[in-house]
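The values are calculated or read from the model by the stated rules, or taken from the named source; none is laboratory data. Predicted, not measured: the structure shown is a model, and the values here were computed from it. Reconstructed Cβ throughout: ideal geometry from the backbone, glycine too, with neighbour counts over all protein chains shown.
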Amino acid sequence: MTSTIDSLHKILKDETRRKIIRELSEKGSLTYTDLMESLNIVSTGTLNYHLKVLGNLLEKDEAERYVLSEKGKLAYRLLTEFPEQNGSTLNKRRRLKVIWVFCSVILTIIALVTGYELNVPIYRVIIALIVAQVGSAFLYYIQVKPEKTGRIFWIALGVFVIGGVFWLVLQVFMKETGFRLQLLDLTGTAGDDLFALISLIVLWTLGGFAGDWIGKKLKYKVLLYSNY
């Protein structure tokens, strides 16, 4: 019985799946289209994924409408009798959101300070900052949507963190050694911008491969989400 409850907790950690259970308990039965409309889901792939995870918690009646199985009814009782346990995932997501906002603020400060210290043109700082923020938002999205595959998470982590750090190190190295001034003398700002862009793409690519390699070693587990 304990293993069954533990299994149900894992299945019901997602808010969409909890809504499916509640909707079927309240309305008795629903068609596939009814579920999409009541849950405001526009992607059939998303709904199919959640229905697959719910598995034997659902059945179909003679009219091919979805209904709760006996195990599904047990899941509903679990939701109503122990709501605080099922809300733990939401609390963890809130904490994750706070961490993400904090990291975004720190990232913004680092970008501005680095741009000032390296005398980087403001437009380049803004572009790099936008790309970094989009990357961090993407990582956050994968954290709260782990079904989008852990491999994407690790590749993105490699691209924006590993590749980004090495690109920053390269920029500092070029400034401290005088290579950047020599490049500016030879090619002007256009050449400097082109080198910065090409090096960023190359290091992002290498970072993506490194992230994928690390993820493979860890079996593509999304670490911040593994205990949800």
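One table, with the values for the structure above:
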{"quantity": "Residues being of a type in the set (A, V, I, L, M) and buried (at least 19 other Cβ atoms within 10 Å of the Cβ) - total across the range 184-197", "calculated": "1"}
{"quantity": "Every residue from the range 203-228 that is at pLDDT below 80, surrounded by 12 or more Cβ atoms within 10 Å (Cβ to Cβ) and not aliphatic (A, V, I, L, M)", "calculated": "Tyr220, Lys221, Tyr225, Tyr228"}
{"quantity": "Residues located in the range 11-36, provided they are within 25 Å of the chain's Cα centre (by Cα) and acidic (Asp, Glu)", "calculated": "Asp14, Glu15"}
{"quantity": "Residue that is farthest from Asp61 (Cα to Cα) [pool: residues in the range 20-39 that are of a type in the set (A, V, I, L, M, F, W, C) and assigned to a helix (DSSP H, G or I)]", "calculated": "Leu39"}
{"quantity": "Residue match in the range 80-89 (condition: modelled with pLDDT of 70 or more and either acidic (Asp, Glu) or part of a helix (DSSP H, G or I) (or both))", "calculated": "yes"}
{"quantity": "The listed residue being closer than 30 Å to Gly45 by Cα, surrounded by fewer than 17 Cβ atoms within 10 Å (Cβ to Cβ) and either among the acidic types (Asp, Glu) or modelled with pLDDT of 75 or more (or both), out of Glu176, Glu147", "calculated": "Glu147"}
{"quantity": "Residues of the range 40-69 classified as part of a helix (DSSP H, G or I) and under 19 Å from Thr80 (Cβ atoms), total", "calculated": "2"}
{"quantity": "Members of the range 23-74 that are exposed (fewer than 15 other Cβ atoms within 10 Å of the Cβ) and in contact (Cβ under 8 Å) with a residue 60 or more places away in the chain", "calculated": "none"}
{"quantity": "Failed item in (1) hydrophobic (A, V, I, L, M, F, W, C); (2) at pLDDT 80 or above; (3) more than 20 Å from Arg22 (Cα to Cα), with Leu74 passing the rest", "calculated": "(3)"}
{"quantity": "Answer from Leu200, Leu181 - the residue that is surrounded by 14 or more Cβ atoms within 10 Å (Cβ to Cβ), assigned to a helix (DSSP H, G or I) and in contact with a helix residue (DSSP H, G or I) (Cβ under 9 Å, 6 or more places away or on another chain)", "calculated": "Leu200"}
